[in-house]
Amino acid sequence: MVKGQNYKNGMEQIISEGERASVNENIFRYYSTNEESLKQKIAQLDTKIQEAMAQNTNLFPSDIKSLENQIDEKIENISKQTDATKLEEYKKEINNLIAKKAKIAGESSPQGSYLRQLIEERKNYESELNSGAEYVKAPMSGIVSYRVDGLEETLTPDNFSSLSKEYLENLDLKTGKIVATNEECGKVIDNFCCYIATITSSEEAKQAQVGDDVSIRLSNNTEVEAEITNIIKEEDIVLILKLNKEIEELINYRKITFDLIWWDATGLKVPNQAIVKDGDLNYVVRNRAGYLSKILVKVKKQGEKYSIVEAYTNEELRELGYSDQEIALYRKIAIYDEIVINPNLEKVE
């Protein structure tokens, strides 16, 4: 979190939410104490300067025309822009162009002394405005965000080892709620990695080790690779996962829903209760119109409740010792087959 001394004065974003900043680059500023009054005086002077220039008939046409074209271009850009920060930038650029135009007019017209006086007065007010403002710089390079909720100093990598299920639950965070924009401070986020803490009691988590790779499936169905960096073992286990993708999608939230994927395999998903071992081989029992058949299956991966299985290939069956005749009669499991839970192989063909 980055915060200056004059946070009660209100702030103006220089770098918008979600944009990147370089180290020591100005990311926002706090208004000066009498900012509104100074801005009003500058606006009044701009009106007087414009009026004085309108009465001027002895200008350098090419210089003035070039500046007027630039001003018209900026005004056209403003009409197409919705970003508040960009609008403010265009406004400043227009004011600078008007000031340049006024300076030329002041140097080349009978009303020059009056215009120079207005320009000098405006410059003094602008200098006072800038000197009274406090600029806040980025302490590191990264993504700028103004979604600050006060947990930035607590939920850091240095404190991960002290996290617990009780602490995380007591934060009372709402799933999917976007962190509100803060009007007093901002933060710069490492755009190369972020961390997610999750609570689980799965068998995979009990066997996991720091440095293991897993995948998570976000609510937008994007799958992201993650690394386990911390494991806090209690009755339930707290895992800290490090991600290096989808960071800009995640920084708006404190709590999200996601699926933790320990392994990935392609095949047919069947309940573990449907699989019966017979020696070194695994079988399921298929029910087709009341006729029960024992089907040999290869278990590719087994979880707590389900397994991923598939049929053996002819080559694999030969390696298991099956003859060509047995292979020709081999019945394969298929999608939509009706599988019996807790079957008794002795009663099946």
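Computed from the coordinates by the stated procedures, all read-outs in this text should not be read as laboratory data. The model shown is predicted, which means the values in this text are computed figures rather than measured ones. Cβ: placed from backbone, ideal geometry, glycine included. Neighbour counts: every protein chain shown.
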Problem set entry | Order by protection proxy (mean Cβ within 10 Å, highest first), peptides 273-279, 207-213 | 273-279, 207-213
Exercise. If one puts a single equal scatterer on every Cα of the range 148-261 and applies the Debye formula without solvent, what log₁₀ I(q)/I(0) results at q = 0.18, 0.19 Å⁻¹?
Worked result: -1.00, -1.12
Exercise. DSSP loop GluC sites (Glu not before Pro) in the range 238-330 with at most 11 other Cβ atoms within 10 Å of their Cβ, which ones?
Worked result: Glu304
For this session: Any chance you could give the angle, 0 to 90 degrees and rounded to 10, that helix 61-80 forms with the longest Cα principal axis of the chain?
Result: 40
Exercise. Within the set Lys39/Lys92; Lys92/Lys123; Lys41/Lys92; Lys39/Lys187; Lys300/Lys332, which residue pairs have Cα atoms separated by over 18 Å?
Worked result: Lys39/Lys187
For this session: Whole Å is fine, so just give me how far the alpha carbon centre of the range 168-210 lies from that of the range 288-327.
Result: 42
Exercise. Hey, can you rank 170-183, 129-142 by average C-beta count inside 10 Å, highest first?
Worked result: 129-142, 170-183
Exercise. If you place +1 on the Cβ of every Lys and Arg and -1 on the Cβ of every Asp and Glu, how big does the dipole about the Cα centre of the range 268-347 come out, in debye to the nearest 20?
Worked result: 320
Problem set entry | FRET efficiency for Lys123 and Gln44, using Cβ-Cβ distance with R0 set to 22 Å, rounded to 0.05 | 0.90
Problem set entry | Value of relative contact order over the range 148-261, rounded to a whole percent, pairs C-alpha under 8 Å and six or more apart | 34
Problem set entry | Residue (of Leu171, Ile308, Ala328) at the positive-pole extreme of the chain, dipole from beta-carbon charges | Leu171
For this session: Taking the Cα centre of the chain as origin, work out the dipole magnitude from +1 charges on Lys and Arg Cβ and -1 charges on Asp and Glu Cβ, in debye rounded to 20.
Result: 660
For this session: Measure up Lys48/Lys74; Lys255/Lys298; Lys91/Lys242 against 30 Å on the Cα-Cα distance and list the ones that go over.
Result: Lys255/Lys298; Lys91/Lys242
Problem set entry | Theoretical gain in end-to-end length, Glu89 to Gln70 [0.36 nm per residue, Cα-Cα removed] | 5.4 nm
Problem set entry | Coil-residue chymotrypsin sites (Phe, Trp or Tyr not before Pro) of the range 316-349, DSSP, other Cβ within 10 Å capped at 16 | Tyr330, Tyr336
Seminar exercise, completed: the chain -> Rg/Rh from Cα coords, Kirkwood Rh, value 1.28
For this session: Using just the helices of the chain, give the 222 nm mean residue ellipticity in deg cm²/dmol: DSSP H runs with n ≥ 4 each add -39,500 (n - 2.57), and the total is spread over all residues, rounded to 500.
Result: -10000 deg cm²/dmol
Exercise. Considering only Thr257, Ile339, Val210, whose Cα is most displaced toward the positive end of the charge dipole of the chain, charges sitting on Cβ of Lys, Arg (+1) and Asp, Glu (-1)?
Worked result: Thr257
Exercise. Residue separation times 0.36 nm, minus the C-alpha to C-alpha distance between Val340 and Lys233: what's the value?
Worked result: 34.8 nm
